[in-house]
Amino acid sequence: MKKQIRIGKAGYNGQDPKLGITYAVAAGAEKGDIVSPTATPGQVSRAAAEQPFEGELVTLERDGYGTVTRGEVTVARRTGAIPAGFQNLATDGTGGVKVAAAAASSTRCRVIGTDAETVAFYIIG
């Protein structure tokens, strides 16, 4: 039997964190966005620029809940050049990522590579 995962008052019976964690999703976030935690426990949103992030919003249901994955290869929109290797990435304000201006407002990632429009990265944290 799997142990229940609890975030605040929300319980996630038998949910495997490797498959993502369910969060309440604030208005404005879209499937595929890189999302950040809000001040409300158990909720994520498309964050303003220069915020650490929780992961990628891979599902978004009509009831306002969605699944966020982390700790795997993620392909996201990017702003500016992102070199391969360990990088401090932050949100770019449009649902994508960029190299963080400061480590305190970032998420440590292993960048695998980039193409003309996206970056593939593995979230280490």
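The values are calculated or read from the model by the stated rules, or taken from the named source; none is laboratory data. Please read all numbers here as calculations on a predicted model, not as lab measurements. Using ideal geometry, Cβ is built from the backbone for each residue, glycine included, and neighbour counts are taken over all protein chains shown.
What to note about this one:
- Summed over region 73-111, residues that are surrounded by fewer than 16 Cβ atoms within 10 Å (Cβ to Cβ), of a type outside the set (Lys, Arg) and in contact with a Phe, Trp or Tyr (Cβ under 7 Å, 6 or more places away or on another chain) total 1.
- Every condition in (1) within 22 Å of Ile21 (Cα to Cα); (2) in contact with a helix residue (DSSP H, G or I) (Cβ under 8 Å, 6 or more places away or on another chain); (3) part of a strand (DSSP E or B); (4) not acidic (Asp, Glu) is met by Asn88 except one, and the failing one is (1).
- Any hit, region 16-23, residues being in a strand (DSSP E or B), at pLDDT below 90, in contact with a Ser or Thr (Cβ under 6 Å, 6 or more places away or on another chain) and surrounded by 12 or more Cβ atoms within 10 Å (Cβ to Cβ): yes
- Residues located in region 37-65, provided they are part of a strand (DSSP E or B) and either assigned by TED's automatic domain parsing to the domain that holds Lys98 or buried (at least 22 other Cβ atoms within 10 Å of the Cβ) (or both): Val44, Ser45, Gly55, Glu56, Leu57
- Residue in region 105-112 that is on the phi > 0 side of the Ramachandran plot, without any contact (Cβ under 8 Å) to a residue 60 or more places away in the chain and of a type in the set (Gly, Ala, Ser) present: no
- Among the numbered conditions (1) without any contact (Cβ under 8 Å) to a residue 60 or more places away in the chain; (2) part of a loop (DSSP other than H, G, I, E, B); (3) of a type in the set (D, E, K, R), the only one that Glu30 does not meet is (1).
- Subset of region 67-113 [at pLDDT 85 or above and charged (D, E, K, R)]: Arg77, Arg78, Asp92, Lys98, Arg108, Arg110
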